[in-house]
Amino acid sequence: MNTDQIKQEFVNRFGDAYKDFGLPILMGRVVGLLLYSDEAVSLDTMTDELHVSKGPVSQMLRRLRDHNLVKRIWVGGDRKDYYQVVDHVFLQAFINQTDLLRRNLLLAKEFERKLKKRQDPELDTFRARIDEMVDFNTQMQEYLHSFIDKWRDEHTEL
């Protein structure tokens with residue numbers, strides 16, 4: 001495989017991985033391209049390399065910036081927008097996922113409180129499932145935060 005083939009395969013497979021997570025394949029391809037690149041990449045270059053128009057790529061970049069995975073870079077003497085992945089992009093993506101799981105815990109706790117006020121036997125199965133949801137998500141949050149702290153300790157530049 002030559003360098004261009006390696007790049008193309010990585011970008012495409014990264015897009016497939018995003019699709020497997022339920023995210024747009026183009027979003028994954030944009031991230032894959034930025035991961036591969038050692039310098040910031042212009043929107044024009046991205047659209048050329050991904051064979052996609054500017055609108056969808058720009059939309060994906062906006063979403064990635066909203067999730068703190070990509071940042072816009074100023075390149076002196078050029079008016080184009082350039083982008084690159086943020087430092088520690090994998091940790092940031094993991095933190096984003098952890099936040100989604102935290103919301104599950106909040107939902108479970110909300111219904112746990114509502115169910116405490118009701119002693120209706122018809123709700124026993126639901127109550128047991130909510131209790132399990134609270135326990136599971138509480139332990140998962142502890143585990144995930146422990147992992148994040150350990151990762152940061154091992155990578156002291158964070």
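Output the residues belonging to region 131-149 that are aromatic (Phe, Trp, Tyr) and either surrounded by fewer than 11 Cβ atoms within 10 Å (Cβ to Cβ) or closer than 23 Å to residue 90 by Cα (or both).
Of all residues in region 131-149, those aromatic (Phe, Trp, Tyr) come to 136, 143, 147.
Answer for region 131-149, where residues must be aromatic (Phe, Trp, Tyr) and either surrounded by fewer than 11 Cβ atoms within 10 Å (Cβ to Cβ) or closer than 23 Å to residue 90 by Cα (or both): 143, 147.
From the residues in region 67-106 that are at pLDDT 95 or above, part of a loop (DSSP other than H, G, I, E, B) and aliphatic (A, V, I, L, M), which one is surrounded by the most Cβ atoms within 10 Å (Cβ to Cβ)?
So, considering only residues that are at pLDDT 95 or above, part of a loop (DSSP other than H, G, I, E, B) and aliphatic (A, V, I, L, M), the one surrounded by the most Cβ atoms within 10 Å (Cβ to Cβ) is 69.
Among the residues of region 107-130, which ones are surrounded by fewer than 16 Cβ atoms within 10 Å (Cβ to Cβ) and of a type in the set (Gly, Ala, Ser)?
Across region 107-130, the qualifying residue is only 128.
The values are calculated or read from the model by the stated rules, or taken from the named source; none is laboratory data. The shown structure was predicted, so the numbers you read here are calculated from the model rather than taken from an experiment. Note that we place each Cβ from the backbone using ideal geometry, even for glycine, and neighbour counts take in every protein chain shown.
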